[in-house]
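K.L.:
The structure follows.
The values are calculated or read from the model by the stated rules, or taken from the named source; none is laboratory data. Since we're looking at a predicted model, the values are computed, not measured. Glycine also receives a Cβ, built like all others from the backbone with ideal geometry; neighbour counts cover every protein chain displayed.
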Amino acid sequence: MASTKTIKARGVYKTKIHSALFNTKILEVILDDFSTKTDAEKIAGFKTHVKSHLFVDETIVDAGTYVFYDVIIPSFSTRLKDCKIKMWAICHRDIIDTFSKDGYYGNRADILSEMIEEVLLDDSVVDKFGIGKINLESVDIYNSYKFYGTILTFNICDFR
């Protein structure tokens with residue numbers, strides 16, 4: 001019997017994450033007032049601020065809010081693989097305290113992190129990944145010269 005591709009899940013998961021993150025809550029945080037923008041402008045703004053890789057220092061110079069993500073596969077067994085989704089919800093220091101929304105607490109990066117958690121743990125999204133539930137495994141701080149935010153690590157079990 002032929003072996004199933006193990007690394008293919010990285011690209012598949014990234015595609016699914018990107019689609020899941022494209023929603024009005026997250027657009028509101030990263031684009032501020034987007035009510036007057038066309039669909040094309042929303043998509044372009046989303047693509048500018050949401051990436052499937054982490055490049056920050058000296059690459060991003062605009063004072064904005066960004067989501068970066070990647071997928072790692074730290075371990076394999078005979079039939080299963082452990083997949084981790086790393087999400088960086090970061091914001092330029094100049095605008096970190098310039099956003100609020102009813103029902104959410106903290107600064108712009110905190111609110112964005114909570115929205116990302118809601119999106120990825122929503123039942124309609126969870127069913128598209130691996131086997132079982134997506135679990136939020138850890139929340140850490142991202143802190144650089146101009147950007148601050150959180151690093152969310154989610155865990156998913158999948159077939160190998």
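K.L.:
Taking region 6-32, which residues are β-branched (Val, Ile, Thr) and free of Cβ contacts under 8 Å to residues at least 60 places away in the same chain? Give the steps one after another, and end with the answer.
P.N.:
Initial filter on region 6-32 (β-branched (Val, Ile, Thr)): 6-7, 12, 15, 17, 24, 26, 29-30.
Listed by number, the residues that qualify are Val12, Thr15, Thr24.
K.L.:
Shifting gears a bit: Search region 33-49 for residues that are assigned to a loop (DSSP other than H, G, I, E, B) and pair each with any residue that is surrounded by 10 or more Cβ atoms within 10 Å (Cβ to Cβ) when their beta-carbon atoms are under 8 Å apart and the residues are at least 6 apart or on different chains.
P.N.:
As it stands, the answer is Phe34/Leu27; Phe34/Glu28; Phe34/Glu41; Phe34/Lys42; Phe34/Gly45; Lys37/Leu31; Lys37/Gly45, since those pairs meet every condition given.
K.L.:
Same structure, new question: Consider region 69-88. How many of its residues are at pLDDT below 90, of a type in the set (Lys, Arg) and crowded, with 16+ Cβ neighbours inside 10 Å?
P.N.:
Within region 69-88, residues that are at pLDDT below 90, of a type in the set (Lys, Arg) and crowded, with 16+ Cβ neighbours inside 10 Å number 2.
K.L.:
Scanning region 1-17 for residues that are modelled with pLDDT under 75 and surrounded by 13 or more Cβ atoms within 10 Å (Cβ to Cβ), which turns out farthest from Met87 (Cα to Cα)?
P.N.:
Thr6
K.L.:
How many of the residues in region 129-160 are modelled with pLDDT under 80, assigned to a strand (DSSP E or B) and either surrounded by fewer than 15 Cβ atoms within 10 Å (Cβ to Cβ) or over 15 Å from the mean Cα position of the chain (by Cα) (or both)?
P.N.:
6
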